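Novice: This structure is in structure tokens; I'll ask about it shortly.
The values are calculated or read from the model by the stated rules, or taken from the named source; none is laboratory data. Every value quoted in this text rests on a predicted model; they were computed, and no experiment measured them. Note that each Cβ is placed from the backbone with ideal geometry, even for glycine, and that neighbours are counted across all protein chains shown.
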Amino acid sequence: MAVLVLTASGSEVIEAVASGRVGVTRYQRSPEIEAAPMQDEAVLFNPVTKKFCVLNETAAFLWKLLEHPRSEDDLSSQLCSEFEGVDAPLAAQDVQKTLRQFAELKIVVPV
């Protein structure tokens with residue numbers, strides 16, 4: 001499962017991911033982000049950074065889940081349930097990578 005790769009400056013979410021505290025931290029969408037669905041994908045706009053971002057199917061699925069606070073473990077479990085053939089270690093790795101990228105883009109916040 002590939003996930004978008006765009007860069008911007010990071011924040012405390014990146015620190016949480018890097019330190020391994022992600023499993024106990026919950027995340028949700030940044031409230032200022034505007035989103036538009038596109039079939040199985042999504043387009044996001046951050047008016048603060050003035051950056052657009054296109055999410056693939058996997059990242060869009062995680063974005064949808066982040067409407068409410070979720071932990072990394074919860075996101076990984078949901079990913080395994082939604083996509084056939086995805087095992088727990090791969091899901092955890094993809095969720096961690098996606099959260100890092102979302103943090104760099106300032107589209108998620110820890111809660």
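Novice: Residue pairs, Cβ under 7 Å, 6 or more apart or interchain, first in segment 22-41 and free of Cβ contacts under 8 Å to residues at least 12 places away in the same chain, second surrounded by fewer than 17 Cβ atoms within 10 Å (Cβ to Cβ) and of a type outside the set (K, R). List them.
Specialist: Qualifying pairs under 7 Å: A36/V43.
Novice: Go through segment 17-46 and report how many residues are at pLDDT 95 or above and over 15 Å from the mean Cα position of the chain (by Cα).
Specialist: The qualifying residues number 2.
Novice: Further question on the same structure: Residues of segment 82-97 being free of Cβ contacts under 8 Å to residues at least 40 places away in the same chain, surrounded by fewer than 16 Cβ atoms within 10 Å (Cβ to Cβ) and under 17 Å from the mean Cα position of the chain (by Cα), which ones?
Specialist: E82, A88, P89, Q93, listed by residue number.
Novice: In the set E104, E67, which member is at pLDDT below 95 and either buried (at least 16 other Cβ atoms within 10 Å of the Cβ) or of a type outside the set (F, W, Y) (or both)? Full working, then the answer.
Specialist: Working: E67 fails: at pLDDT below 95.
Selected residue: E104, the only one of E104, E67 that is at pLDDT below 95 and either buried (at least 16 other Cβ atoms within 10 Å of the Cβ) or of a type outside the set (F, W, Y) (or both).
Novice: Quick one: in segment 78-109, which of the residues that are of a type in the set (G, A, S) and out of contact with any Cys (no Cβ under 7 Å at 6 or more places or on another chain) is nearest to S30 (Cα to Cα)?
Specialist: The residue in question is A103.
Novice: A further question on this structure: Can you find even one residue in segment 8-16 that is over 12 Å from L99 (Cα atoms) and at pLDDT 95 or above? Walk me through how you get there before you give the answer.
Specialist: Just the residues of segment 8-16 that are over 12 Å from L99 (Cα atoms), to begin with: 8-9.
Okay, now just the ones that are also at pLDDT 95 or above, so none.
Looking for residues that are over 12 Å from L99 (Cα atoms) and at pLDDT 95 or above, one finds none in segment 8-16, hence no.
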